[in-house]
Amino acid sequence: MDIAHRDYLLVKLHTCLGVATLLLCVLAELFIFAFRCRAALYLVPVAALLLFNRFRRRAAAADIGLVDFSCLKPPRRLRIPVAGLLEHFSLIGCFDDGSVEFMTKVIEASGMGNETYFPPSLHYIPPAATHADAIQEAHMLFFPTLDDLFAKTGVPPSAVGALVVNCSGFCPAPSLAAIIASRYRLRADAKTFNLSGMGCASGVIGVDVARRLLLTHATISYAVVVSAEIVTVGWYSGKDQGKLLLNCYFRTGCSAALVTNSRGPAATVPVKYRLASLTRTNQIANDRSYRSGYRDEDGEGITGFTLGQGVGRMVSELLRAHLVTLSLSILPLREKLRYVLALLLSSRRRLGDNKLSRPAVPLPDFCKAADHFCLPSSGRPMIWRLGQGLGLGEREMEAALMTFHRFGNQSAASLWYQLAYLEAKGRVHAGDTVWQLGIGSGLKANSMVWERVAGHEEERELGPWKDCIHKYPVTDT
């Protein structure tokens, strides 16, 4: 029996089960009516139906798992040491002395190392930023990453029923998703999606799209989520300092994750992680938040991405709203009770004290909510500020700091490089939870919490950290 026929029968089975449940509840209602039972009994079949459907949805959601993921390690010929990058800025002729000095200060303070990568087009003098160069970079990123993913999971491309590609700054026609679907000859009924403009939070959005497809389409057993940033078209060659930051932080990288609902043909394939929680929050309706990061043209007509004024304050407001929602689902009950008690005591003290000496509002202990943390790779100062705001220590921030040092900011893919770092260090064990937090333009904050599944304790995959994990953590960041 082929996969399509088996999935078709599975859909019919689920439909028959739902119809049978509905008929059973209707018959129960007629029985209660015919025998003139108490009026309160009319609610019993309805309540049973609602509870049954809720149980089915929760059981289906609990089946969403991560089979495995892959992260690209670009070829060494694309390496760009910090000293070479600063010299490159001076030689290419599009930056004045003030711009070079500004980028030098930012890079030296960012905690970036000498092993990050630029695409081939940006190694030229002057840099090439044509459409053809961007397509070439996309091929260089996607195909090796997906080849490795299919090889390590043993799942063929023909079994993939959904493909989600995240790339904020480059949206060609045919789409990036179409390029991948054509290369791997995905089946004719595969659902393909191309997400752009979502920023560093798009990785979680991609998994959310894949999750919903897996839950609503019984014919889909596997979904692939690809995250990358095409740096060729993100390069800014002007003099506006607000747009030069992307030149300083963003580097080449790509990740691909295989997600499954463990139904049908995927039931026998072991998963490495189970999706425990997924939460998305945005403040797009707030004008200041909406304008905190945007792509536009400078005074000379050169396009670049601008970080607006007050972006730090807007991110803080966004995170407060996001963490309130997230903490309800991931904090253990004991920590919730402790936090509520701390809030009550703090409120009493704040009412009794004068305005200048009011104590700070307490924070939940997020180390009780997750064992490992993957944070936005936006440079050492921002990682430290965010980590300390969450009450994390240096060890909890280590994956984000070391990933930025080794690979730079790879947008949504950075969260997967951080998970690969934790695995390469052998820190993720069965039962451990990993919190991935992404913040993107809009503004939006998205979180996923993965739980490691038993059966992989003996594995220690090095992934993109092969040949260098023994050097980390470094102490000069």
>> I'd like the distance separating the alpha-carbon centroids of the stretch 132-170 and the stretch 282-349, in whole Å.
In response: 32 Å
> Under a point spin-label approximation (7 Å from Cα along Cα-to-Cβ), what is the Ala109-Arg291 distance to one decimal in nm?
Replying inline: 2.5 nm
> Helix 3-34 versus the longest principal axis of the chain: what angle, 0 to 90°, nearest 10, using Cα atoms?
Replying inline: 40 degrees
> Where nothing but the Cβ of Lys and Arg (+1) and of Asp and Glu (-1) is charged, how large is the charge dipole of the stretch 88-226 around its Cα centre, in debye to the nearest 20?
Replying inline: 860 debye
> In degrees, nearest 10, range 0 to 90: what is the angle between the Cα axis of helix 414-424 and the longest Cα principal axis of the chain?
Replying inline: 80 degrees
> With the dipole of the stretch 66-274 worked out from charges on the C-beta (+1 for Lys and Arg, -1 for Asp and Glu) around the Cα centre, which of Gly113, Asn194, Pro157 lies farthest toward the positive end?
Replying inline: Pro157
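State the three equivalent ellipsoid semi-axes of the stretch 211-302, derived from the C-alpha gyration tensor as the square roots of 5 times its eigenvalues, in descending order and whole Å. Let's see the in-between values first.
Numbers: eigenvalues 302, 64, 25 Å².
For the stretch 211-302, the ellipsoid semi-axes come out as 39, 18, 11 Å.
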> Per-residue accessible area for His429 at 1.4 Å probe radius, Å² rounded to 10?
Replying inline: 100 Å²
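Greater than 20 Å separation of Cα atoms is the criterion. Which listed pairs, Lys425/Lys471; Lys272/Lys368; Lys272/Lys471; Lys152/Lys272, meet it? All intermediate terms of the calculation are to be shown ahead of the outcome.
Details: Lys425/Lys471 11 Å; Lys272/Lys368 22 Å; Lys272/Lys471 26 Å; Lys152/Lys272 12 Å.
Those over the limit are Lys272/Lys368; Lys272/Lys471.
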>> Can you find, among Ile330, Trp465, Val259, the residue sitting farthest towards the positive end of the charge dipole of the chain, where Lys and Arg contribute +1 and Asp and Glu -1 at Cβ?
In response: Ile330
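Using a 1.4 Å probe on the protein chains only, how many percent of the accessible area of the chain belongs to carbon and sulfur? Write out the running numbers ahead of the final one.
Values: 13280 of 22550 Å².
About 59 percent, which is the carbon plus sulfur part of the accessible surface.
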>> Let me check something: with ligands and nucleic acids excluded, how do Asp432, Asp208, Asp147, Asp365 order by accessible area (1.4 Å probe), largest to smallest?
In response: Asp147, Asp365, Asp432, Asp208
>> Suppose all protein chains stay in the model; what accessible area per residue would a 1.4 Å probe give for the chain, in Å²?
In response: 47 Å²
>> To test your reading of the geometry: what angle, between 0 and 90 degrees and rounded to tens, separates the Cα axis of helix 131-153 from the longest principal axis of the chain?
In response: 50 degrees
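Which order do peptides 367-373, 123-129 fall in by mean Cβ count within 10 Å, highest first?
Numbers: 367-373: 20.3, 123-129: 14.4.
By packing density, highest mean first, the sequence is 367-373, 123-129.
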> Net charge near Leu86, counting Lys/Arg +1 and Asp/Glu -1 over other residues with Cβ under 14 Å of its Cβ?
Replying inline: -3
> Using bins 10 angstrom wide from zero, how does P(r) for the stretch 66-274 break down, in % of all Cα pairs?
Replying inline: 8, 33, 30, 18, 9, 2, 0
> Taking the Cα atoms of the stretch 106-174, what is the range of coordinates along each of the three principal axes, in descending order and whole Å?
Replying inline: 45, 31, 19
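Mean projection of the alpha-carbon convex hull of the stretch 134-226 over all orientations, in nm²? Intermediate values should be presented prior to the final figure.
Numbers: hull surface 23.0 nm².
Its average projected convex-hull area is 5.8 nm².
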> Among [x] 68, 54, 43; [y] 91, 70, 48; [z] 84, 56, 31, which is the computed Cα extents along the principal axes in Å?
Replying inline: [y]
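Just how large is the dipole of the chain about the Cα centre, in debye to the nearest 20, putting +1 at every Lys and Arg Cβ and -1 at every Asp and Glu Cβ?
Values: 52 positive and 41 negative charges, 404 e Å.
For this selection, approximately 1940 debye.
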>> Taking the Cα centre as origin and putting +1 on Lys and Arg beta-carbons and -1 on Asp and Glu beta-carbons, what dipole magnitude results for the stretch 173-242, to the nearest 20 debye?
In response: 260 debye
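The values are calculated or read from the model by the stated rules, or taken from the named source; none is laboratory data. Remember, it's a predicted structure, so these values are computed and weren't measured experimentally. Note that we place each Cβ from the backbone using ideal geometry, even for glycine, and neighbour counts take in every protein chain shown. These accessible areas exclude ligands, DNA and RNA; they are computed on the full protein's heavy atoms, side chains included. Shrake-Rupley method; radii C 1.70, N 1.55, O 1.52, S 1.80 Å.
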